[in-house]
Structure formats: C-alpha cells, structure tokens
1. If Gly178 satisfies every condition in (1) under 28 Å from Leu326 (Cβ atoms); (2) in contact with a Ser or Thr (Cβ under 8 Å, 6 or more places away or on another chain) but one, which is the exception?
2. Out of the residues in the stretch 140-154 that are over 19 Å from the mean Cα position of the chain (by Cα) and in contact (Cβ under 8 Å) with a residue 60 or more places away in the chain, which is surrounded by the fewest Cβ atoms within 10 Å (Cβ to Cβ)?
3. Residue by residue through the stretch 181-196, note down the ones that are surrounded by fewer than 24 Cβ atoms within 10 Å (Cβ to Cβ) and either in contact with an Asp or Glu (Cβ under 9 Å, 6 or more places away or on another chain) or under 16 Å from Ala250 (Cβ atoms) (or both).
4. Looking only at the stretch 250-296, filter to residues that are hydroxyl-bearing (Ser, Thr, Tyr) and more than 25 Å from His52 (Cβ to Cβ); which one of those is nearest to the chain's Cα centre (by Cα)?
5. Count, please, the residues in the stretch 24-42 that happen to be touching a residue at least 40 places away in the same chain (Cβ under 8 Å) and over 22 Å from the mean Cα position of the chain (by Cα).
6. Tell me yes or no: at least one residue of the stretch 204-220 is farther than 28 Å from Thr314 by Cα, among the charged types (D, E, K, R) and modelled with pLDDT of 95 or more.
7. Tell me, which helices (runs of 4 or more DSSP H) wholly within the stretch 213-301 include 2 or more residues that are surrounded by 13 or more Cβ atoms within 10 Å (Cβ to Cβ), among the hydrophobic types (A, V, I, L, M, F, W, C) and in the same structural domain as Cys163 (by TED's automatic domain parsing)?
8. Take Cys163 and tell me if it is touching a Phe, Trp or Tyr at 6+ places or on another chain (Cβ under 6 Å) and within 30 Å of Gly40 (Cβ to Cβ).
Amino acid sequence: MPTATQPAIVHYALRPHAVELREVPVPEVREGEVLLQVGGVSVCGSDIHQSHNTHSWPVNVPVVLGHEFGGTIAHAGPGVRGFREGDRVVSETAAQICGECMMCRTGSYNLCQARLGFGYGLDGAMARWVRVPARCLHHIPDSLPFEIACLAEPHAVAFQAMCVNSAIRPGDAVVVLGPGPIGLLCTRMAALSGAMPLIVTGVAGDAPRLETARALGATHTVDVQTDDLAEVVRDLTRGGADLVCDATGASQPLEDAIRITRPGGQVTKVGWSPEPFQIDMNPVVHRNIRIQGSFSHNYPVWERVIHLLDRGVTLPERIVGMRVPLEGWREAFEAMSERNVIKSVLLPGSD
C-alpha cells in the first residue's frame, strides 16, 4: 500500500500559472470506490487552459489535475463488484453524478447537471494514486500499454462527436476545423467512417499537425490564413460539406462552419469556446442546417474505443509526442502549450 502522502500536480488558485508539484494526502477509498495506481495520464488542452487561467468552466481549487488516465487497482473498497486488486483499467471522467435524474437513469449520465469531472471538480490523476468510483472503470487487455490506454478519454470524446452525435456515411464530405488532439482524433473517426473527401483546416503554425491529419486519413488540408476555405470546399464537394466538425478552441469558426455546410447538412461543435461571439443564425434556418453540440461520453462509447485502441486502428502513436515522469510535468505542459507536440503523456510510476 502507498505511503500517507504523494506528489501531485495541483491547480491551487484561480490565477495564471497557479499550478505546481505538491505533496498531498493519498486518498482513502470509500464504498464503491477503488484506489488506482496511475500508470499513465495524458495532458489535455483543458489542463493547459487551467494552468493559464483561461478556462471557461468552474474549477474547485485546490484540485489535482488529470482526467485522461489508466492504471492498476491497488485496493478495492467495500461494495466493489467486477473489479479486484491487480486489474488493469481505464477510467471515465464523470467522477460524480446524481444517479437519479432522467439523464442518469437513461444512460446519458455524461449530461447529468450535477456531474463533476476529475481534474476540475474532484481530484484527478496527475499523481501516483487516485480514488475512482468503480462505476467509472473499464478493463483493458494486457496488450494495451498505459501510455496509449490513457488516450481512451480523448478517443471517447471524438467517437461521441463523430460516431454518435454525427451521421457519416461512406462518401460524405466532412470538414474538421482545428488540428488539435481532439480535431485529429475526430479526423481519424471520420476516416474510419468513410468520409470522402475529408478536409482538415489549420493555420501556418499547424503544418506538422496537418501532416499528421493526412497520416490519419485526411484527403486534403487547408491553411485558412492563405487559402479560401469556402472555395476549397466548393471545388471538392457537391454544394458544401455534409458535416463540419468545429474542434477549435474559439467561437468565430462556428460562422465559417455554417457557411461551408450544404443545405440540410450538419455542424457538430465539440471545441470549447471561452469568448462570446455574435453570429447570424439566419443561414441555419433557410438552409435547414442542424447544429449539434457534443459533450463527453458514456459506457458503450468507452468499450468501443478500447477495442479500437487495442487493435491500433486509430493510430494513437501518431499524436503522442512526449512521455515523461510526473516530475517532468512542466516540460510536458510547455511542449503542448507551445505546440511542439500534439499530446504529452505523464508516467507517474517512472523515475
């Protein structure tokens, strides 16, 4: 069993750069919970936003960061069924739900209004040990290393956006706005679903990421600072995109998404936008465009993405650019913030 304290990456105040490595108590498990020895935790763009105090969601500071993780069960609390010590698992992010509302009772607990997630609402997994409700867990095979398994969460976000909340048929024209980690994983899900053409957009500084987009299945990439996106879409499609996925971290691209969507098409917004933005919604009406938000994920989505990850068909190694011990967290955060890597992974058990 672990010692009384452990190192953890703590977001301790609502101001820029209020994140540091601290010693915190190892949590004690309660009814229905397990203590997980963290094997791998990947850095999310939301972790970067919280470290810069540019997030647009409430954060209960102080809080241990990290919501994309997997590990080995060190201790199972009372009432835990289906899991035992030594099991290799990954965890969903809905650390707290009410369990009683319509969303919870119908399996859409990701939309529970009482939901709190790891890393902002409750302590997350950028630590050696994390307390997790057993209902959040999924078994993973021995063949899936934790440095890849921890990517199950962003995979689940992308699967939910492109394969649950969007409809893609083989031959559909799909545009993905933004080549961040989620945008790239949405690209891969669209490619696996048969999108053709599959267009991914970025800016000049995104050149390496746009190369990765092509490796993941994009047929075309567009630098929106130099190319006319609407013209490219007109040339490659029959009257506009069937689906546009807005995976940017800004509000203005939603207007671009509506402009390039065909009549009767769909826009799915998965990227968080911190700033408000005025937009003309009349084209949505007279062109009969469906705008769909996509948030989080649920149990069957996780089972699907674990299956895909284990078989390597999502090409996860293409987006992991850095693997460091927990003590290297600052380097990992900076590498992502400065866009030197697509995804950093922390390995708390390594030295």
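The values are calculated or read from the model by the stated rules, or taken from the named source; none is laboratory data. Because the structure is predicted, anything quoted here is derived from the model rather than measured. FYI the Cβ positions are ideal-geometry reconstructions off the backbone, even for glycines, and counts take in every protein chain you see.
1. Every listed condition holds for Gly178 apart from (1).
2. Here the answer is Ser143.
3. Within the stretch 181-196, Ser193, Gly194, Met196 qualify.
4. Per the stated criteria, the residue is Thr268.
5. Summing the residues that are touching a residue at least 40 places away in the same chain (Cβ under 8 Å) and over 22 Å from the mean Cα position of the chain (by Cα) in the stretch 24-42 gives 11.
6. There is no residue in the stretch 204-220 that is farther than 28 Å from Thr314 by Cα, among the charged types (D, E, K, R) and modelled with pLDDT of 95 or more.
7. On the way: elements: 229-236, 253-260, 282-286.
Passing ranges, in order: 229-236, 253-260.
8. Considered against the rule, which asks whether it is touching a Phe, Trp or Tyr at 6+ places or on another chain (Cβ under 6 Å) and within 30 Å of Gly40 (Cβ to Cβ), Cys163 comes out as no.
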